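S.K.: Have a look at this one before I ask anything.
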Amino acid sequence: MLANSILLRGISTSSLAARSTRWVDRHEIAYPVFGKEPRWTSIDKAFDGLKSGSNIFVHGIAATPTPLLKALCAHVVGNDLKNIKLHHLHLEGETPWLEPEVRDRIRSNSLFTGANLRAAVSEGFADFNSCFLHEVPMLFRKGVINLDIALIQVSPPDANGFCSLGTSVDTARAAITNADHIIALANKNMPRTFGDGLIHASHFDVLVEDNTHKLHERHFSKGPSDQAATIGKIIADNLVDNGATLQMGIGGIPDAALAALQDHKDLGIHTEMFSDGVLPLLQKNVITNGNKIIHPGKLVVSFVYGSTELYNFLHDNPLVEFGDVQWVNDPAIIRQNPKVTAINSAVEIDLTGQVVSDSVGKRFLSGFGGQVDFIRGAAVCDDGLGRPIIALPSITAKGTSKIVPYLQEGAGVVTSRAHVHYVVTEFGIAQLWGKNMRQRAYELIKIAHPSTRENLEKEAFKRLKVMPSAD
């Protein structure tokens, strides 16, 4: 039976019995501890007692507690502390711990890297840690990373003292239930969301109020590129059935695919994250979640990243169920929903189907995230109707093919050739599952940019010693 740390309301008893997770959180956070109150303090006093060598979890994405991070850096420098480690997913906003006077004292262990840390990782000032997203909570639950402190941002306590992790439950729940000390930033701009993000204020050790800090927002382009729009329409018209359960990554192509689904019916959402693209589909009754097995009627998500409009939509809205990513992204859970359709992006793919998503050559770009979790969940979907999709433009803005004979030196495979089923570019769909290398090369060359196809054929022959063909 699952440990009580992982809340799986709406999942069948039979599926629970088949599971084998055994790790129990060190302390539960969703009940009040009567007689215990957090220490309300100013932000400059939030880190009193911090010691050198501490391991600190940092809440991420929209919920990144930037004011706390700034105060942490000032405290560390002012008190001559050293060897502080920050453990986190993608952080947004300023990174003051990378400043010259701080970076030898505080170091990031990035479990998913965003734009603001890529240069630091490349230059050796921050660490990159590769892990399936649904396994990141296990790092805290199994004690692979022993957390001394968790820095989080929450909605203010309600009349009963309860707060919400708001936009990002993901790995934060596992962190705060296994950290020795919790420092929280209470912010009225954080939406109160439903699901696994409930925490009673009596579990906080330190509570700082700051209602001036705006949540980090995603910056949207004016519209999808022509490539992305075409790819999105190909996916919507050919690979998304009515009644499908959708997962989508972040980026122009997933956004374009959502925008092309206006005429679909009874779609459901079970995904690691979503952004503003779901709102028009909800308003048009395209997304109903009516056919889902896991939390029917609700959008299931682990974190969101978007606009203030999206965050306002989430506030006090029971339509959206935020879950611990250890179960949200578990392929054994994902597969139970109908017609699971996973739409994910890539940097490049070779002619055998190896997918690079977290790096450009030797340079780390992001992380594994949930791509493999959902690609696998869709592939083994219980109803046999799942569709795992990798989508990418055929060519870069500089004219370089994204379908390549060999991966760049240093590039890391995120989704293996054995996981890949559908690959989509603006020139069509390649179905690779069940095909040998000669057939895979043929399929991929068909959807490559026309200017690159002749060279890809020649390189395929050099590599495979046989011409690509369909039969």
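The values are calculated or read from the model by the stated rules, or taken from the named source; none is laboratory data. Worth saying up front: this structure is predicted, and the values here are computed from it rather than measured. Don't worry about glycine lacking a Cβ; one is built from the backbone with ideal geometry, like all the others, and counts go over all protein chains shown. We work out accessible area using only protein heavy atoms, side chains counted, and drop any ligands, DNA or RNA first. Shrake-Rupley method; radii C 1.70, N 1.55, O 1.52, S 1.80 Å.
S.K.: Being closer than 22 Å to ALA74 by Cα and among the aromatic types (Phe, Trp, Tyr) is the filter here, so list the residues in the stretch 98-138 that pass it.
M.R.: PHE125
S.K.: Would you point out which residue out of LYS222, LYS265 is farther than 25 Å from ASP383 by Cα, part of a loop (DSSP other than H, G, I, E, B) and either among the charged types (D, E, K, R) or touching a Lys or Arg at 6+ places or on another chain (Cβ under 7 Å) (or both)?
M.R.: Within the list LYS222, LYS265, the selection yields LYS222.
S.K.: What tally of residues in the stretch 366-378 results from selecting those that are open to solvent by 20 Å² or more (accessible area, probe 1.4 Å) and in contact (Cβ under 8 Å) with a residue 60 or more places away in the chain?
M.R.: So the count comes out to 1.
S.K.: Which of the residues belonging to the stretch 6-56 are at pLDDT below 90, under 19 Å from ALA175 (Cα atoms) and either of a type in the set (Asp, Glu) or not in a loop (DSSP other than H, G, I, E, B) (or both)?
M.R.: Initially, the stretch 6-56 is screened for residues at pLDDT below 90, giving 6-24.
Those still in the list that are under 19 Å from ALA175 (Cα atoms) too: 6-8, 21-24.
The answer is none; no residue qualifies.
S.K.: Another question, if that's okay. Between LEU207, LEU185, LEU215, which is in contact (Cβ under 8 Å) with a residue 12 or more places away in the chain and more than 22 Å from LEU314 (Cα to Cα)? Before you say what the answer is, go through the steps one by one.
M.R.: Numbers: LEU185 fails: more than 22 Å from LEU314 (Cα to Cα); LEU215 fails: more than 22 Å from LEU314 (Cα to Cα).
None of the others qualify; the one that does is LEU207.
S.K.: Checking the structure you have, find out if any residue of the stretch 114-122 is of a type in the set (Val, Ile, Thr) and within 25 Å of LEU185 (Cβ to Cβ).
M.R.: no
S.K.: Which members of the stretch 74-92 meet the condition of being part of a loop (DSSP other than H, G, I, E, B) and surrounded by fewer than 18 Cβ atoms within 10 Å (Cβ to Cβ)?
M.R.: Matches in the stretch 74-92: ASN79, ASP80, LYS82, ASN83.
S.K.: Now, a different point. Mind telling me which of the residues HIS219, HIS200 ends up being over 18 Å from LEU72 (Cα atoms) and open to solvent by less than 30 Å² (accessible area, probe 1.4 Å)?
M.R.: Going through HIS219, HIS200 in turn, just one is over 18 Å from LEU72 (Cα atoms) and open to solvent by less than 30 Å² (accessible area, probe 1.4 Å): HIS200.
S.K.: Looking only at residues in the stretch 362-376 that are modelled with pLDDT of 95 or more and more than 12 Å from the chain's Cα centre (by Cα), which one is farthest from LEU392 (Cα to Cα)?
M.R.: Across the stretch 362-376, the extreme among qualifying residues is ARG376.
S.K.: Something else now. Sort out which residues of the stretch 138-180 are among the polar types (S, T, N, Q), over 22 Å from ARG192 (Cα atoms) and buried (at least 24 other Cβ atoms within 10 Å of the Cβ), and write them in order of number.
M.R.: ASN178
S.K.: Which one of ASP210, ASP205, ASP237 is open to solvent by 10 Å² or more (accessible area, probe 1.4 Å) and under 29 Å from PHE427 (Cα atoms)?
M.R.: Testing whether each residue is open to solvent by 10 Å² or more (accessible area, probe 1.4 Å) and under 29 Å from PHE427 (Cα atoms) leaves just ASP237.
S.K.: Mind checking which residues of the stretch 254-297 are open to solvent by less than 30 Å² (accessible area, probe 1.4 Å) and among the polar types (S, T, N, Q)?
M.R.: THR271, SER275, ASN289
A quick yes/no check of all residues on (1) under 29 Å from ILE29 (Cβ atoms); (2) in contact with a Leu (Cβ under 7 Å, 6 or more places away or on another chain); (3) at pLDDT below 95:
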residue: ASN312; (1), (2), (3): yes, no, no
residue: ASP324; (1), (2), (3): yes, yes, no
residue: ASN329; (1), (2), (3): yes, yes, no
residue: ASN337; (1), (2), (3): yes, no, no
residue: ASP350; (1), (2), (3): no, yes, no
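S.K.: Please tell me if ASN344 is assigned to a strand (DSSP E or B) and either within 20 Å of ILE250 (Cα to Cα) or open to solvent by less than 10 Å² (accessible area, probe 1.4 Å) (or both).
M.R.: Values: assigned to a strand (DSSP E or B): yes; either within 20 Å of ILE250 (Cα to Cα) or open to solvent by less than 10 Å² (accessible area, probe 1.4 Å) (or both): yes.
For ASN344, the condition - assigned to a strand (DSSP E or B) and either within 20 Å of ILE250 (Cα to Cα) or open to solvent by less than 10 Å² (accessible area, probe 1.4 Å) (or both) - is met.
S.K.: Checking GLY251 against (1) buried (at least 24 other Cβ atoms within 10 Å of the Cβ); (2) in contact with a strand residue (DSSP E or B) (Cβ under 6 Å, 6 or more places away or on another chain), only one condition comes out false. Which one?
M.R.: The single condition GLY251 does not satisfy is (1).
S.K.: Hey, can you tell me all the residues within the stretch 129-158 that are part of a loop (DSSP other than H, G, I, E, B) and of a type in the set (S, T, N, Q)?
M.R.: ASN129, SER130, ASN146, SER155
S.K.: Got a number for residues in the stretch 268-286 being β-branched (Val, Ile, Thr) and in a helix (DSSP H, G or I)?
M.R.: 1
S.K.: Filter the stretch 144-166 for residues that are touching a residue at least 24 places away in the same chain (Cβ under 8 Å) and of a type in the set (Gly, Ala, Ser) and give the result. First the steps, then the outcome.
M.R.: Restricting attention to the stretch 144-166, the residues satisfying the condition of being touching a residue at least 24 places away in the same chain (Cβ under 8 Å) are 145-158, 160-166.
Within the stretch 144-166, ALA150, SER155, GLY161, SER164, GLY166 qualify.
S.K.: Okay, next question. Identify, please: which residue in the stretch 94-115 is crowded, with 17+ Cβ neighbours inside 10 Å and of a type in the set (Gly, Ala, Ser) and is, among those, farthest from the chain's Cα centre (by Cα)?
M.R.: Filtering the stretch 94-115 for residues that are crowded, with 17+ Cβ neighbours inside 10 Å and of a type in the set (Gly, Ala, Ser), the one farthest from the chain's Cα centre (by Cα) comes out as SER108.
S.K.: Name the single residue that is farthest from VAL466 (Cα to Cα) among those in the stretch 379-427 being of a type in the set (Gly, Ala, Ser), out of contact with any His (no Cβ under 8 Å at 6 or more places or on another chain) and surrounded by 15 or more Cβ atoms within 10 Å (Cβ to Cβ).
M.R.: We begin by selecting, within the stretch 379-427, every residue of a type in the set (Gly, Ala, Ser); these are 379, 384, 386, 391, 394, 397, 399, 401, 410-412, 416, 418.
This time we only want the ones that are out of contact with any His (no Cβ under 8 Å at 6 or more places or on another chain), so: 384, 386, 391, 397, 399, 410-412, 416, 418.
From what's left, surrounded by 15 or more Cβ atoms within 10 Å (Cβ to Cβ): 386, 391, 411-412.
On the way: GLY386: 32, ALA391: 27, ALA411: 26, GLY412: 26 Å.
Among those residues, the one meeting the criterion is GLY386.
S.K.: Check VAL76 against each of (1) closer than 25 Å to VAL169 by Cα; (2) modelled with pLDDT of 95 or more and name the one condition it does not meet.
M.R.: (1)
S.K.: For the stretch 166-176, indicate whether the set of residues that are assigned to a strand (DSSP E or B) and farther than 26 Å from ASN312 by Cα is non-empty.
M.R.: Applying the first criterion (assigned to a strand (DSSP E or B)) to the stretch 166-176 yields 168.
Adding the requirement that they be farther than 26 Å from ASN312 by Cα leaves none.
Looking for residues that are assigned to a strand (DSSP E or B) and farther than 26 Å from ASN312 by Cα, one finds none in the stretch 166-176, hence no.
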